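A.B. asks: First the structure, then my questions, so here it is.
Every number in this text was worked out from the coordinates using simple rules, so none of it is lab data. Source: prediction; values computed, not measured. Here the Cβ is made from the backbone with ideal geometry for all residues, glycine too, and neighbour counts use every protein chain on show.
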Amino acid sequence: MNTIYIMWMRQIKKYWRSKPRILGSLAQPLLFLFAFGFGFGPIFQKAGGGNYIQFLTPGIIAMSVLFTAMFTGIEIIWDRQFGFLKETLVAPVSRYKIMLGRTLGGATVASIQGMIVLLISLLIGFRPTSFLVVFIAFIFMFLIAMLFTAFGTALASRLEDMQAFQLIINFIIMPLFFLSGALFALDSLPNALKFIIKLNPLSYGVDGIRASLTGISHLGIWTDLLVVSSITFLMMLLGSYLFSKMEA
């Protein structure tokens, strides 16, 4: 347990020490929130969709969590290139505990980013149904963060080139985000697109955050929780296995 806690706290301390990283991670979600929220808001309202800020904010929160969580894996490649990872891996502790601690730390950082976006959204007009439901939304944020931090760790365990990691992550992130229902409602979509969206694990995370904060759900909040929890557990197993086989 000490190993898990140490790695967990190490990730969080690195986050708080890097102010440019915090601001950089917030820039893109806030750009989407302001540009899409106020740009398409009147169109969405005229189409009978209601307040677009209310609809959009949960998706942008999920986006912030997704981006931060996925790019946490790049630290493994960075540590490998500069020799820090070798010092960690040769220590007489379980690699599974090291991976779990890093994942928990990365997930905590990503969840904090999501909460910051939520707080900023309150300043521009977003209103949750109750502030008590924020805790439920945080559970979904943390599950999304665990899922994609574990995915980023699994991918980084198989790569040694930082540029390759960034290219692959960017190739994966954008389809995940745009095909998650974060920006548009699922009701009037073609059946083929609905099917693709239902295969996307992020869709259930977005829907879970939206259901908890606004009461609007297309997939069902219990279905969201079951799917995200199950995929997170499987990805943690895969990430732990690949990390345990990694050579420094």
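A.B. asks: Ranked by Cβ crowding within 10 angstrom, fewest neighbours first, how are Y241, Y52, Y204, Y96 ordered?
C.D. replies: Values: Y241 14, Y52 20, Y204 29, Y96 17.
With the sparsest Cβ surroundings first, the list reads Y241, Y96, Y52, Y204.
A.B. asks: Arrange the following residues from fewest to most other Cβ atoms within 10 Å of their Cβ: M115, M174, M146.
C.D. replies: Values: M115 16, M174 10, M146 28.
Ranking M115, M174, M146 by Cβ neighbours within 10 Å, fewest first, gives M174, M115, M146.
A.B. asks: Related question: Exposure proxy check: F165, F38 ranked by fewest other beta carbons within 10 Å? Write down the numbers at each step before the final one.
C.D. replies: On the way: F165 22, F38 13.
Least crowded to most crowded, the residues run F38, F165.
A.B. asks: Let me check I have the definition right: for segment 165-247, take the eigenvalues of the Cα gyration tensor, multiply each by 5, take square roots. What are those semi-axes in whole Å, largest first?
C.D. replies: Working: eigenvalues 140, 55, 22 Å².
Values for segment 165-247, descending: 26, 17, 11 Å.
A.B. asks: Take the chain, connect every pair of alpha-carbon atoms lying under 10 Å apart with a spring to form a Gaussian network, then pick out the residue of L183, L31, L100 with the largest mean-square fluctuation.
C.D. replies: It is L31.
A.B. asks: Student exercise: in the chain, how many lysine pairs 8 or more apart or on different chains have Cα atoms under 26 Å apart?
C.D. replies: Here the count comes out as 9.
A.B. asks: Assign unit charges at the C-beta atoms only (+1 for Lys and Arg, -1 for Asp and Glu), then state the dipole size of the chain relative to its Cα centre in Debye, rounded to the nearest 20. Numbers along the way, then the final one.
C.D. replies: On the way: 18 positive and 9 negative charges, 81 e Å.
With only Lys, Arg, Asp and Glu charged at Cβ, the dipole is about 380 debye.
A.B. asks: Now for a different question. So which helices of the chain fit the span-like rule, where a helix is a whole DSSP H run, its Cα atoms reach 27 Å or more along the axis, and its mean Kyte-Doolittle is at least -0.5?
C.D. replies: Numbers: long enough: 19-39 (29 Å, 1.01); 52-71 (28 Å, 1.60); 95-123 (43 Å, 1.18); 134-157 (34 Å, 2.34); 221-244 (34 Å, 1.62).
Within the chain the helices that satisfy the rule are 19-39, 52-71, 95-123, 134-157, 221-244.
A.B. asks: Running a GNM on the chain with Cα contacts under 10 Å, which residue among G37, G215, G181 ends up with the highest mean-square fluctuation?
C.D. replies: G215
A.B. asks: Give the Cα extents of segment 124-192 along the principal axes, in whole Å, largest first.
C.D. replies: For segment 124-192, the Cα extents along the three principal axes come out at 46, 33, 25 Å.
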